[in-house]
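To keep things clear, I will list the structure first and then write my remarks on it.
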Amino acid sequence: MKKLALLLPFFLVVSLSCTQSGPERVTLSAALPCSLSRLAPGDETDGVYPLTWEAGDRISIGSRTSQPLSASAIKSDKANFVFLDFAGAAPYHVLYPASETGEIVFDGVVPPMYASASSLSGAVQFHHAGCALRLNLSGDLKVSSLSLRADGGEPVAGRFNINFNTGELDALAALPLVTTAPGKPLSPLSGTVFYLYFVPGTFSEGLTVTAESPDGFEMSWHLASGATLGRGRVYLLPDLCFRSLDFTDGARCSLEEMSETLISMEL
């Protein structure tokens, strides 16, 4: 299997500097080790795929959810999350995206992360709860939906409890299929990058990725049967084409075998 020697930070560092501007108002200063994108890694720079907080982001501690992050609260790789009516005791369990129930949700769109802190001072590390699939699609079609299916019925999406010490997931409502609706036109030459975030595991019969256009054109690619895809990893596929000229018989589904082509790197 081809190896890619580029690293993406496995964790986000969140500085929990507690400031009391009211009896139950807490501001958490969240710092990232580099500039990162919450939805997808950015362009590679010096061997790292960078990330940044985005306006509207929320995190949660226990059942308490922060206020939506404002653009003015983002300072390069840092951001201040404000909690109103905060109450709680250590250990503090922190989730991104925010969850009032304390559950981790895999919806294919957002990479769920978790952290634990013994106090509201110092720093805490976010860790990835899942893994990701990166696709670069080129062609003349618009992608109305992308789906990922575990052909052996293993979970790739749904709601889970998480062990904040080990990252182990316990399924509450698991699904073998996840579908997103990016609604993006493709770049004919350089391609358009998509990410699907899903539950890690061993997939006995592999995974199938399917792209569909608004006109009903549909193409699928089958990935590595029996593969174990690990937490905190992103798996890169070779560049793929999704073009109308490939559908000579109208809107048909073509299945292309992609076994042994996944490139694994750190998420």
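The values are calculated or read from the model by the stated rules, or taken from the named source; none is laboratory data. Please read these numbers as outputs of a predicted model, since none were measured by experiment. When we count neighbours, we look across all protein chains shown, and the Cβ atoms used for this are built from the backbone with ideal geometry, even at glycine.
Miscellaneous remarks
- Residue 107 being assigned by TED's automatic domain parsing to the domain that holds residue 68 and charged (D, E, K, R): yes
- Strands (runs of 3 or more DSSP E) enclosed by segment 113-173 - at least 1 residues per element that are modelled with pLDDT under 90: 113-117, 123-128, 131-138
- Residues of segment 211-249 satisfying the condition of being of a type in the set (Phe, Trp, Tyr) and in a strand (DSSP E or B): 221, 235
- Just one of the listed residues (180, 166, 202) is more than 17 Å from the chain's Cα centre (by Cα), among the hydroxyl-bearing types (Ser, Thr, Tyr) and farther than 30 Å from residue 118 by Cα, and it is 202.
- Single residue of segment 197-224 satisfying the filter (under 15 Å from residue 156 (Cα atoms) and polar (S, T, N, Q)) that is surrounded by the fewest Cβ atoms within 10 Å (Cβ to Cβ): 202
- Filtered by the rule that a residue be over 15 Å from residue 102 (Cβ atoms) and out of contact with any Pro (no Cβ under 8 Å at 6 or more places or on another chain), segment 169-180 gives 177, 178, 179, 180.
- Residue match in segment 146-160 (condition: touching a residue at least 12 places away in the same chain (Cβ under 8 Å), polar (S, T, N, Q) and surrounded by fewer than 18 Cβ atoms within 10 Å (Cβ to Cβ)): no
- Applying the condition of being of a type in the set (D, E, K, R) and out of contact with any His (no Cβ under 9 Å at 6 or more places or on another chain) to segment 206-232 and asking which residue is farthest from residue 106 (Cα to Cα) yields 215.
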